[in-house]
1. In the set VAL297, VAL243, which member is open to solvent by less than 60 Å² (accessible area, probe 1.4 Å), within 19 Å of the chain's Cα centre (by Cα) and aliphatic (A, V, I, L, M)?
2. Of all residues in the stretch 82-108, count the ones that are open to solvent by 50 Å² or more (accessible area, probe 1.4 Å) and either over 30 Å from ALA189 (Cα atoms) or small (Gly, Ala, Ser) (or both).
3. Conditions first: (1) under 30 Å from GLU172 (Cα atoms); (2) surrounded by fewer than 18 Cβ atoms within 10 Å (Cβ to Cβ); (3) free of Cβ contacts under 8 Å to residues at least 40 places away in the same chain. LEU258 passes all but one, so which condition is the exception?
4. Tell me, please, whether a residue that is within 24 Å of GLN245 (Cα to Cα), in contact with a Ser or Thr (Cβ under 6 Å, 6 or more places away or on another chain) and open to solvent by less than 60 Å² (accessible area, probe 1.4 Å) can be found in the stretch 203-217.
5. Scan the helices (runs of 4 or more DSSP H) fully inside the stretch 1-91 and keep the ones with 1 or more residues being at pLDDT 90 or above.
6. Every residue in the stretch 116-159 that is surrounded by fewer than 17 Cβ atoms within 10 Å (Cβ to Cβ) and of a type in the set (Ser, Thr, Tyr), please.
7. What are the residues in the stretch 118-171 that are assigned to a loop (DSSP other than H, G, I, E, B) and aliphatic (A, V, I, L, M), if any?
8. Scan the stretch 279-288 and tell me whether some residue there is buried (at least 19 other Cβ atoms within 10 Å of the Cβ) and touching an Asp or Glu at 6+ places or on another chain (Cβ under 6 Å).
Amino acid sequence: MTSQTSAPEPRTSPGAPPSAARDLVDVRRGPTTWTGLWFVLPFLAFYLLFLLWPAVVGLGYAFTDRSLAGGPLSFVGTANWRESLTDPALYDSLWNTLWFTVLSVPLMVLLALGMALLTDHARRLGWFLRLSFFAPFVLPVAVMTLIWNWMYNPSLGLFNGTLARFGVQGPEWLFSEDTAMFSVVIATAWWQVGFNYLLYLAAMQSIPKEVYEAASIDGAGTWQRIGRITLPLLARTTALITVLQLIGSLRVFEQIYLMTMGGPNFATRTVIQYIYDSGFVGLRVGLASSMAYIFMVLIIAASIAQFRLFSRKEA
């Protein structure tokens, strides 16, 4: 015996004519049209031309001695990859990148969470806090670095000027190996935390108020409601923000390049800047391409590991 399966008959109202079911099926299927493709083509063309194609070309350059100085192009096999993996300067820049990530990710996640909690509870000042906390995020990186370079200035800056009033000698914020990375992290947190804050605030305001009211009736205080209701319900948002912040911190380049140029003594030079120096300053595009792909693999591995970690915690 053979069994045949067929699509379930669409439900219609009892008074509907027999042809209503066929019309409903036709409406569900819809006519075949390519109109939507024209809306996708511009983005698809830019994606292929400016993202996918350069990535493929860069992977090919990683196996050649491609140079911005010109000259004949020759295949060198895995020579660029071996040189990248044995380059001490690359590992130093990788350490600086990891140190920046360790300093910035917890700070920007916890700071955004605290700001969102403050905004959610301060009803009357909510609009002012939202404006104040999110406004720095819209500033261009050049404007942000100008502001903080002035505040970090050892002789004319706001910080050292304030400390001098109390008879305290301020540090050389961006000109000392001991304080340069911390100074960049503080400036980056002030600039970028607004995006994480906005995600937290949106997730927090989507929690039903009835849950808090029921907890209050049962005698739960403010901190108990935050610890047992708010934070558990924000677990997925925290995972998302942490992964996004991890990727963003590993890819840090602009603010460090504009504030310290990787100094002093390469104490703040990150992987992206070293790749930039190798390709556009040293003119070795093939070597820089191999470094870029090695770093891309590390970012993907770190993102996958963090996704699995949060998935296990949620389970």
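1. VAL243
2. 4
3. So the condition that LEU258 fails would be (3).
4. Yes, because at least one residue in the stretch 203-217 is within 24 Å of GLN245 (Cα to Cα), in contact with a Ser or Thr (Cβ under 6 Å, 6 or more places away or on another chain) and open to solvent by less than 60 Å² (accessible area, probe 1.4 Å).
5. Ranges flagged: 35-47, 53-61, 79-85.
6. SER132, SER155
7. ALA122, LEU125, LEU139, LEU156, VAL168
8. Yes; the residues of the stretch 279-288 include at least one that is buried (at least 19 other Cβ atoms within 10 Å of the Cβ) and touching an Asp or Glu at 6+ places or on another chain (Cβ under 6 Å).
The values are calculated or read from the model by the stated rules, or taken from the named source; none is laboratory data. Note that this is a predicted model, so its numbers are computed, not measured. No Cβ is skipped: glycine too gets one built from the backbone with ideal geometry, and neighbour counts run over all protein chains shown. Heads up: the accessible areas ignore ligands, DNA and RNA and are worked out on the full protein's heavy atoms, side chains in. Shrake-Rupley method; radii C 1.70, N 1.55, O 1.52, S 1.80 Å.
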